[in-house]
1. Sorting check: for 343-349, 394-400, which peptide has the highest mean count of neighbouring beta carbons within 10 Å, and how do the rest follow?
2. Would you compute, for the Cα atoms of region 11-56, the largest minus smallest coordinate along each principal axis and list the three values in descending order, in whole Å?
3. Based solely on C-alpha atoms, express the radius of gyration and the Dmax of region 3-105 in angstrom.
4. Run the simple label-point estimate for residue 17 and residue 71 please: 7 Å along Cα→C-beta, distance reported in nm.
5. Taking R0 as 25 Å, what's the FRET efficiency between residue 238 and residue 161 from their Cβ-Cβ distance, rounded to 0.05?
6. Once you have the Cα-Cα distance between residue 382 and residue 183, take 0.36 nm times their residue separation minus that, and quote the gain in nm to one decimal.
7. Rounded to the nearest 5, what % of DSSP beta bridges with both residues in region 118-407 are antiparallel?
8. Sort the following peptides by mean Cβ neighbour count (other Cβ atoms within 10 Å, averaged over residues), highest first: 220-226, 34-40, 113-119, 269-275.
């Protein structure tokens, strides 16, 4: 769709309000709503947002050492017609995701979407297409009278009873997404109380990230209409299941359409790609699990991997190979929904490409052993490393990973780390209820 066709589409869809949207470095959707009279100017010239917005954390505080401050001007959010959806639950309203340009209408180095496209093009130059699918877990909560949160209901893993409790909401979500042109593969009851998992149809990496992000917005909006909070927080409660973001990646020959990863169990390029993901796993954590809460989920023996290992069909490892035939792919299991998926996919693909270029070997697979339950002696015997155990370690690993930082561009990588370290500093200075419970009367 070109600009003219997009304006015709807006008219045909009888849109009166257009939410022009970008995603900040925390993965948050940020937007302005425009009336119909401003559609043409937005499509032609973009919508201005302060560059300083990109140095803000989720607490809406600006990282003081960020390069973008009050005096650094704007970027232009340019609507991408391929990332446009009419919202079926709001009258005459649509949302469109944007690429970022400078005020001179030149590419902006800080744009998450276009940075991912640049990484994908490195594979295209080698004759390789990439398919990606993101599986996001979420939980439904009520806000209690004391301001805390509680799961709305119990319900067993994958049970019909668990689906039946929320059938109307779940069906409404699926109908809305499919009306928007998004194919839901499945929506199932997960392990925790009121916990569910989405599987959306695979696509190219940019489309996969877009689909994941819009599905989150739809889910949250429809849950809110029913008085519920749909949360993607990695570990909302100590004793309840956490929410992950699993990423499936496959490589295809651009000419023949052949799956390049299929082998016994992986082809040579599949092993190299997997080897790259394992080599760069510590730094990838800084982007795929970028909050202090993330590391309360990534614990041994928890089904959320804490060890750098791979295997066929094994859900206890970092990298699972679900299928070794024409649908052969790898599933990276250590991400969560506090990430910006454009950054996360950029890191995964940059790591995989480095593995291909440098012929990295992932070692032997762990197909039948739950490495999460390995003793320290077993872990050392098999030379299995841990993923970072805390956010500071993960951010340090990212900062010291030249391949990942280069893929993020000289702008995005350093600014992302500044935002996250500012968030970390706030956490470190905050007195938490646990500290009062432990020390207030004991000391």
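1. 343-349, 394-400
2. 36, 18, 12
3. Both quantities, over Cα of region 3-105: 14.5, 46 Å.
4. Going by the 7 Å Cα→Cβ label model, 3.8 nm.
5. 0.50
6. 67.5 nm
7. Percent antiparallel among DSSP bridges in region 118-407 is about 90.
8. The most tightly packed comes first, giving 269-275, 113-119, 220-226, 34-40.
Bear in mind that the values in this text are calculations on the coordinates, not laboratory data. Please read all numbers here as calculations on a predicted model, not as lab measurements. Quick reminder, even Gly has a Cβ in these numbers, built from the backbone with ideal geometry, and neighbours come from all protein chains shown.
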